[in-house]
Structures are given as C-alpha cells and as structure tokens.
Amino acid sequence: MFIKKIEIDHYKTLENISINFESKEKHNVFPVISANGGGKSTLLQVVFCFLHCPFQEERQEYLKAFLDYYTPIKDKNDLNRLVKFELEYKGQDTQLAFFLCKNDYKKLNFNAILTLKEIKIKRQSISQSISKIELLNKLEQDLKTGKISNVMVWRELREFIKSQPEEEYLRKADSNYTLQFIITKKKEIESSLISDTELDSIEIKAEAEKNKLTDELAKSNLQYAFHLNQNKDVLLYKSNTSNDILSELSNKIYLAVPTTQVLHFLKPEQIQTLFSPNERYIYTSYEKHLKDCRSSMPGLFTYDFSTLNLILEAYQKARDA
C-alpha cells in the first residue's frame with residue numbers, strides 16, 4: 001500500500017492540510033518536519049486511526065475516542081469532511097474520505113441501525129434469561145425434593161442477589177424463604193422477556209428503515225461507519241473500492257508511538273480511571289489500557305523513551321570502551 005495524498009480539513013492544529021507523496025523509485029521514505037507542536041504526531045495519528053480502525057468493529061472505539069477532540073457539529077444539515085486519502089493498493093488507485101454529521105442529518109433515520117443492534121443484544125439477553133430460568137427451576141425442584149441443601153442453593157443463587165444484606169439473610173434462611181426467593185426471581189426475569197414475534201416485528205420495520213437509509217446514502221456514494229458521541233453524531237465514508245478491500249487495507253497500516261501517546265486513543269472515562277482515587281478503579285492502570293490498545297489495534301506499536309535512552313547509553317559505553 002502506498003499513500004499518495006492526504007487532505008485534512010480540520011483536526012486540532014491541522015487545518016486545510018494537503019500533502020502529496022510523490023513515489024520515486026527506491027525512495028519511498030518521506031520525512032515530516034515542523035516546529036514543536038506543529039502537528040507531526042497528530043498527522044501520523046490521523047493517518048493511522050482513519051485507515052486502521054473504521055472497518056474492524058473491535059477497533060472502532062479507539063477512533064471514537066480520537067474524534068472526541070474534533071470540533072462538534074452545530075447544524076443538523078452539515079456534512080463535515082474530516083479527511084481524504086488517495087492510495088495505491090495492489091496496483092489500483094483507491095480514494096477514501098470520511099465525513100461527520102448529526103444523527104438527524106437531512107432527517108435520515110440512522111436510529112434504525114441502533115435499533116437493529118439493540119435487537120441483537122436483546123436476543124442474546126433472552127437466551128441468557130432462559131438459561132437462568134432453567135437453573136432456577138432445577139434449584140426449586142431439587143430443594144423441594146431435598147436433593148440439595150440450603151447452603152448449596154445459596155451458592156448457586158449468588159448471581160441473582162443484589163445486595164450484601166440480602167446475601168447474608170439468604171445464607172441463613174430456611175427452605176421456605178429460599179423457595180419464595182427463587183419464585184420471585186423467576187417472575188422478575190419472565191416479566192422482562194419479550195416474545196420472538198414482537199422482536200421479529202420490530203426487526204422487520206428497522207431493517208426496512210435501514211434499507212431506505214442505505215439507498216439514500218448511496219445516492220451520494222456514502223456509507224455508514226458507526227455512531228459516536230453518545231449516538232448524537234454519525235461517521236460516514238465514501239470510497240471507490242469495496243469494503244472487503246478496505247478491511248484488508250486496514251491491516252496494512254502501522255504506527256509506532258511513545259507509550260504516552262496512547263492517551264489520545266482513550267475515552268475521557270478511561271483517562272479518569274487513571275487519576276481517580278475511587279476504589280472501583282483499583283484494578284485499572286495505564287499498563288492495562290496500553291495492553292488493551294495493542295490487543296485491539298495490532299498495527300499499534302509503542303516504545304518507552306527511558307528504555308531507549310538506557311539502550312543508547314549502553315551502546316555508547318561499549319563504543320567508547
């Protein structure tokens with residue numbers, strides 16, 4: 001893959017940037033030079049995020065966090081271009097541009113996509129709820145027939161307990177109270193269930209709305225990427241190549257950055273965990289976020305300046321010895 005040109009309309013210190021990379025035989029390395037704070041690292045981050053993250057679902061959250069630094073859209077009819085790439089991949093010229101708009105842009109029903117995702121989650125939840133009901137039915141029957149002790153039942157019921165006092169009371173309770181607890185929990189789960197017929201009806205309507213949305217976007221050669229900013233905004237893209245090629249291309253881009261720059265890929269709430277004294281964040285650390293980033297974004301490589309300095313110092317000592 002060869003990046004021939006990149007245009008950035010506005011992001012942080014970068015504004016109306018257009019860079020052409022001329023391909024010369026045996027000379028495909030291009031230095032980027034500017035004063036401190038001129039946007040060198042930002043440029044590389046933009047290239048990496050927009051080429052590596054949009055087409056793989058597990059990477060999208062990092063591009064969403066990266067876009068938190070973008071100036072919010074004010075008008076629902078605005079379609080703001082963020083960045084445009086001209087690439088050469090497998091001998092073919094590829095164009096790719098990204099746009100940001102409001103969720104109600106031109107009164108299009110982007111909510112249909114959210115509804116379909118919610119239905120998928122709901123179906124998974126129903127499957128889990130049915131498994132829980134089956135477990136409760138078995139515990140109820142075993143308790144009635146004396147096949148299981150109260151202590152063993154209490155251990156099995158711990159996932160259904162909502163508070164420490166409730167857990168303590170149930171652990172010491174008799175069989176009648178435990179049976180009543182099981183029956184109550186079954187009713188709670190059953191009341192939250194929605195029938196497959198109702199879900200199917202909602203899904204059919206949402207699918208039809210999604211198809212209308214896709215057709216309307218296609219008139220401008222636009223495609224949906226994902227929602228962001230608490231579903232208030234939508235990222236769209238335009239390209240002259242297939243999504244399969246774009247997905248393949250996303251695995252051909254790499255970025256090496258100091259470990260400190262990983263902060264740019266974290267959400268505000270993740271950054272908060274690093275500085276909050278709250279006990280709920282006791283198992284959170286920068287190393288954990290760093291590991292998660294590298295796991296989800298295989299094209300990201302990090303290095304530590306202090307480690308490099310030690311290595312350089314060792315080489316210098318060896319050289320001068």
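Things worth noting here:
- Note on segment 41-75: among residues that are aromatic (Phe, Trp, Tyr) and under 21 Å from residue 292 (Cβ atoms), the one that is surrounded by the most Cβ atoms within 10 Å (Cβ to Cβ) is 50.
- Listed by first and then second residue, the pairs linking a residue in segment 124-143 that is within 15 Å of residue 191 (Cα to Cα) and free of Cβ contacts under 8 Å to residues at least 12 places away in the same chain to a residue that is of a type in the set (Gly, Ala, Ser) and surrounded by fewer than 12 Cβ atoms within 10 Å (Cβ to Cβ), with Cβ atoms under 9 Å apart and 6 or more places separating them unless they lie on different chains, are 125/192.
- A single entry from 95, 124 fulfils the requirement of being modelled with pLDDT of 95 or more, surrounded by fewer than 17 Cβ atoms within 10 Å (Cβ to Cβ) and out of contact with any Gly (no Cβ under 8 Å at 6 or more places or on another chain): 95.
- Taking the criterion of being in contact with a strand residue (DSSP E or B) (Cβ under 7 Å, 6 or more places away or on another chain), over 18 Å from residue 257 (Cβ atoms) and in a loop (DSSP other than H, G, I, E, B), the residues of segment 29-70 that qualify are 54, 70.
Matching residues to (1) in a helix (DSSP H, G or I); (2) under 14 Å from residue 183 (Cβ atoms):
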residue: 132; (1), (2): yes, yes
residue: 135; (1), (2): yes, yes
residue: 140; (1), (2): yes, yes
residue: 143; (1), (2): yes, yes
residue: 147; (1), (2): no, no
residue: 162; (1), (2): no, no
residue: 165; (1), (2): yes, no
residue: 171; (1), (2): yes, no
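- Complete set of residues in segment 24-42 that are at pLDDT below 80 and over 18 Å from residue 6 (Cβ atoms): 25, 26, 27
- When residues in segment 219-265 are screened for being in a helix (DSSP H, G or I) and either crowded, with 16+ Cβ neighbours inside 10 Å or not charged (D, E, K, R) (or both), 14 of them pass.
- Check on residue 133, surrounded by 12 or more Cβ atoms within 10 Å (Cβ to Cβ), more than 30 Å from residue 242 (Cα to Cα) and within 35 Å of the chain's Cα centre (by Cα): yes
- When residues in segment 82-105 are screened for being without any contact (Cβ under 8 Å) to a residue 40 or more places away in the chain and within 30 Å of residue 201 (Cα to Cα), 1 of them pass.
- Lone unmet requirement of (1) at pLDDT 90 or above; (2) over 26 Å from residue 120 (Cα atoms); (3) crowded, with 16+ Cβ neighbours inside 10 Å for residue 206: (2)
- When residues of segment 128-168 are limited to those that are modelled with pLDDT under 90 and of a type in the set (S, T, N, Q), the one nearest to residue 196 (Cα to Cα): 163
The values are calculated or read from the model by the stated rules, or taken from the named source; none is laboratory data. Computed from a prediction, not measured in an experiment: that's the story for all the values here. So basically every Cβ, Gly included, is an ideal-geometry build from the backbone, and we count neighbours across all protein chains shown.
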